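Since the structure comes first, as structure tokens, the remarks are kept for the end.
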Amino acid sequence: MNDSELIVIDGSFGEGGGSILRLGAGLSILLKRPIRIKNIRANRPKSGLRLQHLKGLEALANLTNSSLSECQVGTKEITLYPKQTLQSKIEVKIGTAGNIGLLLQPIQIACLGFNKPEKIEILINGGGTFGKWAPSLNYLKEVTYQIFRNHGYDIDINIQKHGFYPKGGAIVKCTLYPPKDKLKPISLTELGKIDLIRGEIIITNQLRKNKVGERIRTSVLKHLKKNLDYNFKIDYNYVHSLSPGVGLSLWASSDTGAIISSGTILGERNITSEKLGELAANELLKYIENGIPIDNYLSDQLIPFMGFVKDPSRIKVLKITNHTKTNLELIKLFLNRNYLIKKENTHFIIELQ
């Protein structure tokens, strides 16, 4: 590889955040294309690499024996020369509450193209299983990774200890199984029939005396049952964590293969348990009421998978997020795949051709 093959990406384009870095690095390894990313996270209040981005890049380079330019927290430009000699196990230590789901994103993209080893284990000590503006690990496990699994790519998450802001301290094992067979394109344009809505509420032991879990569950069920005649399985679990916190996610599978979700809802000081439950229920209801099979938080996560699979893919979404727009442009840049966005009444259709 030489610099004539180098793809140069301006990190300020599109949403100008960390997703450009994560997707760019993952695609670099997947497609064996060296990259240089400039103006990293230029549109964020604190531009440059944060610790979770740095740890993600280092983990990816370590896993694949790739060459990563010298970087640290605050670095605004990186260069990555990819290799595809994959290790079967790596350990990652995170000293903060940096989000583990975001750390895994470039790794899960890169491993789409490997066929050995049979499995890859990422052992993570530290970090957060829940965090702002990021997918929680229970969301990834029950929604994103289940959609991947349905289309030929298997990823497992084992949460041994949860982590919340500011101390983190999670203990997690992620096992990826590189696809052996041809991946199936994603075609999800109909919500279909739903029989069961599930949910998981995670509350740290520091909040047990206030019966937070019970109150959130009661509120969720109250608002869902008012609008839906379904079955419900909403669980709450009190867990040990270094910092107090609350996180929940609701999801539902349909007979078309769709999985919709409320996304990740986090507890905050000024939001009551009752309001938190209402927020989660209303997030899920808007997809059901509009017949949408892909929630706003899932669409951008599916774009790299859809781009890598050569057959055409189509999904129906409620709105086109900035992350989705950015990811579509990166797929076009790396893979020369054309995409089409159609506005139809209350929704959009995204096609990768």
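The values are calculated or read from the model by the stated rules, or taken from the named source; none is laboratory data. Source: prediction; values computed, not measured. Cβ coordinates were reconstructed from backbone atoms using ideal geometry, including for glycine residues, and neighbour counts include every protein chain displayed.
Gly213 - would you say it is crowded, with 18+ Cβ neighbours inside 10 Å and in contact with a His (Cβ under 9 Å, 6 or more places away or on another chain)?
no
When we screen Ile122, Ile100, Ile197 for residues that are under 26 Å from Ser254 (Cβ atoms), touching a strand residue (DSSP E or B) at 6+ places or on another chain (Cβ under 7 Å) and either surrounded by 22 or more Cβ atoms within 10 Å (Cβ to Cβ) or outside the structural domain of Leu335 (by TED's automatic domain parsing) (or both), the only hit is Ile197. Among the residues of the stretch 314-322, is any assigned by TED's automatic domain parsing to the domain that holds Lys343 and either free of Cβ contacts under 8 Å to residues at least 12 places away in the same chain or in a helix (DSSP H, G or I) (or both)? Among the residues of the stretch 314-322, at least one is assigned by TED's automatic domain parsing to the domain that holds Lys343 and either free of Cβ contacts under 8 Å to residues at least 12 places away in the same chain or in a helix (DSSP H, G or I) (or both), which makes the answer yes. When Asn39, Asn62 are checked against the criterion of being free of Cβ contacts under 8 Å to residues at least 40 places away in the same chain, in contact with a strand residue (DSSP E or B) (Cβ under 7 Å, 6 or more places away or on another chain), crowded, with 17+ Cβ neighbours inside 10 Å and not assigned by TED's automatic domain parsing to the domain that holds Leu333, Asn39 stands alone in meeting it.
The rows are residues; the columns are (1) in a loop (DSSP other than H, G, I, E, B); (2) under 27 Å from the mean Cα position of the chain (by Cα); (3) not charged (D, E, K, R).
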| site | (1), (2), (3) |
| --- | --- |
| Thr218 | no, no, yes |
| Leu221 | no, yes, yes |
| Leu224 | no, yes, yes |
| Asp229 | yes, no, no |
| Ile234 | no, yes, yes |
| Pro244 | yes, yes, yes |
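The criterion of at least 2 residues that are β-branched (Val, Ile, Thr) and under 30 Å from Leu242 (Cα atoms) is met by the following strands (runs of 3 or more DSSP E) wholly inside the stretch 7-107: 89-99. Looking at Arg22, Arg36, Arg41, Arg50, which one is at pLDDT 95 or above and basic (Lys, Arg)? Answer to the check: Arg36.
Among the candidates Tyr287, Tyr297, single out the residue that is aromatic (Phe, Trp, Tyr), in contact (Cβ under 8 Å) with a residue 12 or more places away in the chain and part of a loop (DSSP other than H, G, I, E, B).
Tyr297
Asn158 - would you say it is under 18 Å from Leu183 (Cα atoms), out of contact with any Ser or Thr (no Cβ under 6 Å at 6 or more places or on another chain) and either in contact (Cβ under 8 Å) with a residue 12 or more places away in the chain or buried (at least 20 other Cβ atoms within 10 Å of the Cβ) (or both)? Spelling it out, it is not the case that Asn158 is under 18 Å from Leu183 (Cα atoms), out of contact with any Ser or Thr (no Cβ under 6 Å at 6 or more places or on another chain) and either in contact (Cβ under 8 Å) with a residue 12 or more places away in the chain or buried (at least 20 other Cβ atoms within 10 Å of the Cβ) (or both). Of the residues in the stretch 330-340, not one is buried (at least 22 other Cβ atoms within 10 Å of the Cβ), of a type outside the set (Gly, Ala, Ser) and in contact with a Phe, Trp or Tyr (Cβ under 6 Å, 6 or more places away or on another chain).
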